[in-house]
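Engineer: I'd like to ask some things about the structure below.
The values are calculated or read from the model by the stated rules, or taken from the named source; none is laboratory data. Keep in mind it's a predicted model, so treat the numbers as computed, not measured. Reconstructed Cβ throughout: ideal geometry from the backbone, glycine too, with neighbour counts over all protein chains shown.
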Amino acid sequence: MPCEAKTFYESSNGDRWLIARDPASDRVFVQHQANLPSGGHATEIEVSRFLAPDSGGPEHQALRELVLDERSRTGGTGSRSQSRMTLGGKCARVLSG
């Protein structure tokens, strides 16, 4: 089954960052899709690594804001079932090795 994904940031050069979930394993991760001139490769990054304290780019801030918005929407209960984001779309195949 393909994973579910939601774009949370797109840079001016065409790179995209998505929050994704593999329904088979319930694993949530960040997927970076490089722009076509850069090869268009997709890579997966663990959310905790993506949001490390030294990560201050606009894509990192966009995910932090998405998480905060979601927590506000669900009342910040911390319950996995109540705070699960609705993801639309599909993940690209990971081409990195």
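Engineer: Collect the residues in region 35-65 that are within 13 Å of the chain's Cα centre (by Cα) and either in contact (Cβ under 8 Å) with a residue 60 or more places away in the chain or not in a helix (DSSP H, G or I) (or both), keeping them in residue-number order.
Structural biologist: Correct list: ALA42, THR43, GLU44, ILE45, GLU46, LEU51.
Engineer: Quick one: ALA92 ticks every box in (1) buried (at least 16 other Cβ atoms within 10 Å of the Cβ); (2) modelled with pLDDT of 90 or more except a single one, so which number is it?
Structural biologist: The single condition ALA92 does not satisfy is (2).
Engineer: Could you check, for region 4-15, whether at least one of its residues is surrounded by 15 or more Cβ atoms within 10 Å (Cβ to Cβ), of a type in the set (Phe, Trp, Tyr), in contact with a helix residue (DSSP H, G or I) (Cβ under 7 Å, 6 or more places away or on another chain) and farther than 12 Å from GLU59 by Cα?
Structural biologist: Checked region 4-15: no residue is surrounded by 15 or more Cβ atoms within 10 Å (Cβ to Cβ), of a type in the set (Phe, Trp, Tyr), in contact with a helix residue (DSSP H, G or I) (Cβ under 7 Å, 6 or more places away or on another chain) and farther than 12 Å from GLU59 by Cα.
Engineer: So HIS32 passes all but one of these: (1) at pLDDT 95 or above; (2) over 15 Å from the mean Cα position of the chain (by Cα); (3) not basic (Lys, Arg). Which condition number does it fail?
Structural biologist: (2)
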